[in-house]
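Remarks on the structure that follows.
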Amino acid sequence: MVVLIGGARGITPWFARALASATGCRIELVGRTPLPTGPQDPELAAATDRAALVGVLARRGSSSPAEISRTAQAILAAREVTATIAELTELGGEVRYHALDVRDTAATSSLLAGIHAEYGRLDGVVYAAGIIEDKLIAEKDPASFTRVFDTKVDGARGLLAGLDALPTAPRFLVFFGSIAAAYGNRGQADYAAANDALDAIGTRYAARTGVRCVTVHWGPWAPGVGHGGMVTAELSREYARRGIGLIDPEEGALALLRELAWADPSVTSVVYTASGW
Ligand SMILES: NC(=O)c1ccc[n+]([C@@H]2O[C@H](COP(=O)([O-])OP(=O)(O)OC[C@H]3O[C@@H](n4cnc5c(N)ncnc54)[C@H](OP(=O)(O)O)[C@@H]3O)[C@@H](O)[C@H]2O)c1
């Protein structure tokens, strides 16, 4: 059974799918997005993309543009989580979703303890939670730096504290890092620092516990259908202009499976990227 924190949205569902197909393992997904409860609003349900949702919400007229945008984003996020659960279930796997903010250390520890108590073990953990709020450092609000940095670093520290408290350690741990940690990236000082720190935290954890732990510093992934991730269509065009290739989501997921299956287990950080860096 594998816990994937940040696994229900973005690029990580591609890996969850590859893992479920290859191993049939139970999947426990974690993210902040709450799952929808109660009957769906039919008009919103019929609005299938962001523009249509914003249109419906704007016609109702009671919210500010910022509130409309947040509501549309929340609906799309919940739909993506629901789609991930459906896709994994269709593959025959057992899947559950837990809504929590991984920066809440007590909630993370309690979730891990509950899963471990239920199954008597925890085979693997994938830590992929992350956010970006890109800006040049001179223009960056310190609170924004903290949000980006803490999501990776405090989240990972809380996760490791939770793992330390379990009766048995997991067999492997994967951190989703970024090529920004290896080469830097304009506007991403906070994100690059966070991913570099993540790598160091993982390396120390492996040395201290003997658990296989690898940080994968990914180059940009192509936005796949249904699970786009951080690379928007606009960013994709910018990467293309700079001659930077994008990782095919299915290939990326398989590359990580191969890394876990065949690579040297003492290696604690790797860079995976397409052409152009
Ligand atoms: N996409 C790429 O090309 C790329 C390249 C290099 C590295 N990465 C790394 O890969 C990981 C996933 O990126 P992505 O592109 O899939 O981004 P994304 O679409 O923004 O997904 C981020 C994931 O993290 C979760 N998350 C964020 N903050 C969280 C928190 N405080 N607690 C729990 N879950 C949280 C999100 O779920 P909720 O919003 O529901 O919380 C979501 O599942 C990140 O760590 C990123 O640094 C991605």
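The values are calculated or read from the model by the stated rules, or taken from the named source; none is laboratory data. These figures come from a predicted structure and were not determined experimentally. Don't worry about glycine lacking a Cβ; one is built from the backbone with ideal geometry, like all the others, and counts go over all protein chains shown. Remember, those area values only see protein heavy atoms, side chains included, never the ligands or the DNA or RNA. Shrake-Rupley method; radii C 1.70, N 1.55, O 1.52, S 1.80 Å.
At R0 = 30 Å, how high is the FRET efficiency between R121 and T232 if r is their beta carbon distance? Nearest 0.05 is fine. Show your work: numbers first, answer last.
On the way: r = 39 Å, r/R0 = 1.28.
FRET efficiency, R121 to T232: 0.20.
Tell me the relative contact order for the chain as a rounded percent, counting alpha carbon contacts under 8 Å between residues six or more apart.
Values: 471 pairs, mean separation 56.0, N = 277.
Answer for the chain is 20 percent.
With a/c under 1.5 counting as rounded, go ahead and sort the stretch 1-53 into rounded, prolate or oblate using the C-alpha gyration tensor (a ≥ b ≥ c being the square roots of the eigenvalues; past the cut-off, prolate if a/b is larger than b/c, else oblate). Intermediate results must be reported in sequence, preceding the final value.
Working: a/c = 2.66, a/b = 2.20, b/c = 1.21.
Note, shape of the stretch 1-53 comes out prolate.
Add -39500 (n - 2.57) for each DSSP H run of 4 or more in the chain, then divide by its residues: what number comes out at 222 nm, to the nearest 500 deg cm²/dmol?
-16500 deg cm²/dmol
Only Cα pairs within less than 10 Å get springs; with that Gaussian network setup on the chain, which residue of V211, V95, V54 has the largest fluctuation?
Top of the fluctuation ranking is V54.
Give me the Kirkwood hydrodynamic radius of the chain in Å, from all C-alpha pairs, to one decimal place?
19.6 Å
Where the centre of each part is set by its Cα atoms, how far does the stretch 199-277 sit from the stretch 126-140, in angstrom?
17 Å
Loop-only check: which GluC sites (Glu not before Pro) in the stretch 1-95 are DSSP coil with at most 15 other Cβ within 10 angstrom? Working shown, then result.
On the way: sites: E28, E43, E67, E80, E87, E90, E94; in loops: E94.
Sites meeting the loop and neighbour criteria: E94.
If you take the beta carbon distance between A83 and I137 as r and set R0 to 25 Å, what does 1/(1 + (r/R0)^6) give as a FRET efficiency, to the nearest 0.05? Numbers along the way, then the final one.
On the way: r = 36 Å, r/R0 = 1.45.
Calculated transfer efficiency: 0.10.
Which residues' amide hydrogens lie under 5 Å from the amide hydrogen of M230, considering only partners 5 or more residues apart or on another chain, with H built in the peptide plane?
Here the answer is I11, since their amide H atoms fall under 5 Å of that of M230.
Using a 1.4 Å probe on the protein chains only, how many percent of the accessible area of the stretch 200-274 belongs to carbon and sulfur?
Details: 2200 of 3800 Å².
Using a 1.4 Å probe with all protein chains present, the stretch 200-274 comes out at 58 percent carbon and sulfur.
Nothing charged except the Cβ atoms of Lys and Arg (+1) and of Asp and Glu (-1): what's the magnitude of the dipole of the stretch 27-171 about its Cα centre? Round to the nearest 20 debye. Intermediate results must be reported in sequence, preceding the final value.
Numbers: 15 positive and 20 negative charges, 44 e Å.
Here the size comes out at about 200 debye.
Give the accessible area for S69 in Å² (nearest 10); use a 1.4 Å probe, count only protein heavy atoms, and leave out ligands, DNA and RNA.
Rounded to the nearest 10, that gives 50 Å².
Determine the dipole magnitude for the chain: charges of +1 sit on the beta-carbon of Lys and Arg, -1 on that of Asp and Glu, nothing else is charged, the reference point is the Cα centre, and the result goes in debye to the nearest 20.
Working: 26 positive and 30 negative charges, 37 e Å.
Dipole size: approximately 180 debye.
Taking 0.36 nm per residue of sequence separation and subtracting the Cα-Cα distance, how much length would be gained by fully extending the chain between T105 and R147, in nm to one decimal?
So the extension gain works out to 13.6 nm.
I'd like the trypsin sites (Lys or Arg not before Pro) in the stretch 226-272 restricted to DSSP loop residues with at most 14 other Cβ atoms within 10 Å, sorted by number. Show your work: numbers first, answer last.
Values: sites: R237, R241, R242, R258; in loops: R242.
Here the sparse-neighbourhood loop sites are R242.
Using modelled amide H (1.01 Å from N, peptide plane; none on Pro or chain starts), what sits under 5 Å from the amide H of V95, excluding residues fewer than 5 places away?
So V95 has HN proximity to I27.
Of all chymotrypsin sites (Phe, Trp or Tyr not before Pro) in the stretch 42-128, which ones are in loop regions per DSSP and have a Cβ with at most 11 other Cβ atoms within 10 Å? Write down the numbers at each step before the final one.
On the way: sites: Y97, Y119, Y127; in loops: none.
Passing sites in the stretch 42-128 do not exist.
Can you list the HN-Hα couplings for the stretch 120-126, worked out from phi with the Karplus curve (6.51, -1.76, 1.60; θ = phi - 60°), rounded to whole Hz and with x for Gly and Pro?
Computed from phi, the couplings for the stretch 120-126 are x, 5, 9, 6, x, 10, 10 Hz.
Report the Cα centroid-to-centroid distance between the stretch 168-183 and the stretch 8-37 in angstrom, as an integer.
The stretch 168-183 and the stretch 8-37 have Cα centres separated by 17 Å.
So, for the chain, what is the accessible surface per residue at a probe of 1.4 Å, expressed in square angstrom?
Details: 13200 Å² over 277 residues.
Computed with neighbouring chains in place, this is 48 Å² per residue.
Scan the chain and note any complete DSSP helix (H) whose C-alpha atoms cover at least 27 Å along its axis and whose Kyte-Doolittle average is -1.0 or more. Spell out each step's value before the answer.
Numbers: long enough: 65-90 (37 Å, 0.24); 142-164 (31 Å, 0.10); 189-209 (30 Å, -0.22).
Helix filter hits for the chain: 65-90, 142-164, 189-209.
For a quick check of understanding: with a 1.4 angstrom probe and all protein chains in place, what accessible area in square angstrom does F149 have, to the nearest ten?
Result for F149: roughly 50 Å² accessible.
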